[in-house]
Amino acid sequence: KVDVSGTHALKTSLDYFMIIQYVILGYADLVTDILVIIELINSDRIGMAVINLFFIVLGVVLGYWNSDRTAWDLVLNVTQLSIFVDGIETLKQGKQTPGLVLSKKMDAIVRSMPSIILQLFSLLIDLEDYPAGKTGYNTFVVSIALGILGASVTLSGLHRKAGNRLLTWQFGVVNLYYISEILLRCLMISVAFISVREYAFIVAGFDIFLRGFVVSDGKKDEIDIS
């Protein structure tokens, strides 16, 4: 199970706006990822399209695995309606639900950030095929930008130093940090794959497993995915 701590009560109208924003950003990011996959298929880059699609499917599988695993949970995850339903439930209850926190974490870490890296790699490796201003170029740029913004907003809202409400000045500072951190890290990994191709998996894999080992502290069933 993924840790779903970090829920907040909705105390102001801005807090309610943040929940709506979470939902909109989540779906906007997903739609642009699908548009990128279509663009990759049209460009005969089937392998990259399949890898991008894999992370969308992985998010669905892990989202269901970390739920109560009922038939309704299966439907919500397969149809990508889980964020919408949890968002509505949060607005009705006046506080973030564990399901919303789970959905946001899973979406940011499992789908959004890997997609940012893959799309940066796809754009940079064949930049001459995507002239600035053309539809393909704009699709990649918008998808990458929404991925970074969505992931940073999600992780900032869940950070322990962001305050006890959804929208605080601390949240703004933490969000600026996450935007910079995500962009820099994804650029570095993309450049690594451009430079050494599949051998970059060795470095990325070591980094991921080391972080997981440190965070788990021996408790493999209590790893906080963020």
What do you reckon, is Ala9 aliphatic (A, V, I, L, M) and touching a Lys or Arg at 6+ places or on another chain (Cβ under 7 Å)?
yes
Can you list the helices (runs of 4 or more DSSP H) lying wholly within the stretch 1-107 that have 1 or more residues being of a type in the set (D, E, K, R), closer than 25 Å to Gly136 by Cα and at pLDDT 90 or above?
13-42
Among (1) open to solvent by 100 Å² or more (accessible area, probe 1.4 Å); (2) at pLDDT below 80, Ile202 falls short only on (2)
Scanning the stretch 98-135 residue by residue, the ones that are open to solvent by 10 Å² or more (accessible area, probe 1.4 Å) and in contact with an Asp or Glu (Cβ under 6 Å, 6 or more places away or on another chain) total 2
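The values are calculated or read from the model by the stated rules, or taken from the named source; none is laboratory data. All figures in this text were calculated on a predicted structure; none of them were measured in a lab. Positions of Cβ are generated from backbone atoms using ideal geometry, with glycine treated the same way; all protein chains shown enter the neighbour counts. The protein model used for the area step is the full one, side chains on, heavy atoms only, and it has no ligands, DNA or RNA in it. Shrake-Rupley method; radii C 1.70, N 1.55, O 1.52, S 1.80 Å.
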